[in-house]
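As structure tokens, the structure follows; a few thoughts come after it.
The values are calculated or read from the model by the stated rules, or taken from the named source; none is laboratory data. Since this is a predicted model, take the numbers as computed values, not measurements. Here the Cβ is made from the backbone with ideal geometry for all residues, glycine too, and neighbour counts use every protein chain on show. Ligands, DNA and RNA are excluded from the accessible area calculation, which covers all protein heavy atoms including side chains. Shrake-Rupley method; radii C 1.70, N 1.55, O 1.52, S 1.80 Å.
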Amino acid sequence: MARRFTGWMNWTNRGSLPGLSYPGVYVLAISSTDLAGACFSWRPEIVYIGMTNAKGGLKGRLGQFDNTIKGKDGHGGAQRVRVRHPDYARLVRRLYVAVDAFPCEVASENPGDLRIMGQVAQHEYECLAMFAERFSGLPEFNDKRRSPKGRRSGIET
């Protein structure tokens, strides 16, 4: 499964990842070691696994994530990241992303495209399971009990 993902890319350079116009699965790691250019591998520094089937593709979803870690709303996982890592500039120096794009036409009713969209969702769960098997639990910010979303009026679980 790891062969399908791109290599690790520093967050600030994510726009150069291939396949961003398509739906897919994305994996985020926070590491003090420079992962940029390294082949994707399952590692304990992975903090979030997500997916998108939206028309905006991976580019749109990663953009929502970025907006949220900057302080806006829009991405639940990123809200959990922001609670623990509120300093955007410091975070993005250590934030890495790898993606697995699924070329298809999101707005299509073609059975082939619909099946691919289902494969995206299945792949996210397979990735979560793969991580849980290796590291005895979900990535930190996928685990809603361990990492609640912050709210202005308190903590949301």
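Give segment 41-99 a look and list any residue that's within 19 Å of Phe5 (Cβ to Cβ), without any contact (Cβ under 8 Å) to a residue 60 or more places away in the chain and aliphatic (A, V, I, L, M), or say none.
Of everything in segment 41-99, those that are within 19 Å of Phe5 (Cβ to Cβ), without any contact (Cβ under 8 Å) to a residue 60 or more places away in the chain and aliphatic (A, V, I, L, M) turn out to be Leu58, Leu62.
Between a first residue in segment 127-139 that is open to solvent by 40 Å² or more (accessible area, probe 1.4 Å) and a second residue that is assigned to a helix (DSSP H, G or I), which pairs have beta carbons less than 6 Å apart while being 6 or more apart in sequence or on different chains?
Correct list of pairs: Leu138/Ala132.
Residue under question is Thr68, and the condition is that it be in contact with a Gly (Cβ under 6 Å, 6 or more places away or on another chain) and surrounded by fewer than 21 Cβ atoms within 10 Å (Cβ to Cβ); does it hold?
Working: in contact with a Gly (Cβ under 6 Å, 6 or more places away or on another chain): yes; surrounded by fewer than 21 Cβ atoms within 10 Å (Cβ to Cβ): yes.
Yes, satisfied.
On the given criteria, is Ser31 hydroxyl-bearing (Ser, Thr, Tyr), more than 11 Å from the chain's Cα centre (by Cα), open to solvent by less than 20 Å² (accessible area, probe 1.4 Å) and at pLDDT 95 or above? Spell out how you get there, then give the answer.
On the way: hydroxyl-bearing (Ser, Thr, Tyr): yes; more than 11 Å from the chain's Cα centre (by Cα): yes; open to solvent by less than 20 Å² (accessible area, probe 1.4 Å): yes; at pLDDT 95 or above: yes.
When the stated conditions are applied, Ser31 passes them.
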